[in-house]
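What follows is one structure encoded as structure tokens, with my remarks underneath.
Throughout, read-outs are computed from the coordinates displayed, never taken from laboratory work. What you see is a predicted model; the values in this text were computed from it and never measured. Note that each Cβ is placed from the backbone with ideal geometry, even for glycine, and that neighbours are counted across all protein chains shown.
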Amino acid sequence: MTRIVVATLGSVGDLHPFLAIARHAARLGHSVLFLSSEPHRQAVEAEGLDFEPILSEHDHVRAAQHPDLWHPLRGFGVLWRHLAVRSVDAVVEILYRESGAHPDPVRVLASPLVLGARLMADLLPIRLVTAHTAPSGIRQIGSPLYLGSWRVPDGWPRSWRRLAWRALDRWKLDPMARPGIDQWRHRHGLGPASGSIFGEWLQSPHLVLGLYPAWFSPSAVDSLVDVRAMGFPLFRPSAAPTADEELTLWLQQRPSRPRLVLYGGSSKCPSGGHFHSAALALDAKGWPSLLIAPDLAPSALGTHGLIRPWTDLASVLPACGGWIHHGGIGACAEGLQAGVRPWTLPLAYDQFDNSERLARHLGIARHEVMLSAQQLSHGDLPGLEALHQWRSPNQVVTANSAAVEATLEALLSA
């Protein structure tokens, strides 16, 4: 029996892939400890896993409500200061304890935001696997390449792209992270971190995985980090979804137009109002729409639609034709699995890169997938009138079990 520690920080979209892997490991008889923010405790324990918080509910909520969280450039600094740095002490204490309690090296699967895990990989005999939920977490110089919300022109040579990363490291990223990291390492008898903090050092020295398929990731010649792509480990809760008779009846109807599902993300963000406006505009045009909004109570939407704070996407999306979301990696994977036509309104982080990779995979022009706020609010979706003709060229992206099993195998062999 192997002792496995799984650690992640962030939203539900960051939680679910790790939770799918941890649950599978526990079902195979491994001893699993899950580390995350306190608000995720209930979801983790519902899967029968041991949970310890590495970030308080107060700190998690404060980060989620920070005014810069969804800024395309300053947002990452919020995550770094309020999640990564604040969780270090708790992670360090837990890994010291776990390493001392087990004769064999503890296997640690962690997101790159779990800074404490990377620090301890140079201090303890643990085996760390850094797992990225989206390709944008891996430093690369191919196309598409986004720096914040800015898309690097395709015509830029590779040498210019490398220089852009070096400039970003020198003036923005390294000054934010290196002083604290090097101070911590010095206190523990270690030398300064080598190389670029985010381009090199933050990745595990043992193994780096991508929790997405190889066809969704940068090519090997473009990536500046050696990464193995595993597939999308989509999470399905063990408990059956709560019965929703009104939604069931809505899905059983035979509307004249395909149904649409709109989702602005699990974290409250500035685009939420645009999705609500879009749902009303589309309903007024005769498109039956389901708006998923975690901060709203279940209710009717206009004449043809519904509002739900959450629903089982696996049962809803296959009965719909269009999927309008924020470009988060989990939403992209769910849409690809269901074979629905996507539109996105990206704001920050991986959302721009995910959206373009999604468009490329489906053979749709970028501007016909990635919307402006004005387009979305007015329900002006390119290709909407031809939605009944949509056929996804790649409906099933990967078997969930295969991605989960491959990730666990890689973790155990690291």
For the range 247-391: rounded, prolate or oblate by the Cα gyration tensor [a/c cutoff 1.5]: rounded
Using only DSSP helix segments of four residues or longer, with each worth -39500 (n - 2.57), what per-residue ellipticity at 222 nm results for the chain after dividing by its residue count and rounding to 500? -10000 deg cm²/dmol
Report the antiparallel proportion of the DSSP beta bridges in the range 245-389 as a percent, rounded to a multiple of 5. 15 percent
What label, among [x] -0.87; [y] -0.68; [z] -0.76, belongs to log10 I(q)/I(0) by the Debye sum over Cα atoms at q = 0.10 Å⁻¹ computed from the structure on display? [y]
Note, the range 183-195: 3J(HN,Hα) by Karplus (6.51, -1.76, 1.60, θ = phi - 60°), whole Hz, Gly/Pro = x, goes 5, 4, 5, 5, 5, 9, x, 10, x, x, 5, 8, x
With both bridge residues required to lie in the chain, what share of the DSSP beta bridges run antiparallel, to the nearest 5%? 15 percent
Inter-site label distance for residue 220 and residue 170 at 7 Å from Cα along Cβ, in nm: 3.2 nm
Once phi for every residue in the range 236-245 is put through the Karplus expression 6.51 cos²θ - 1.76 cosθ + 1.60 (θ = phi - 60°), the whole-Hz ³J(HN,Hα) values, with Gly and Pro written as x, are 10, x, 5, 6, 5, x, 5, 4, 9, 5
With just the Cα atoms defining each centre, how far is the range 1-68 from the range 182-232? Give it in Å. 21 Å
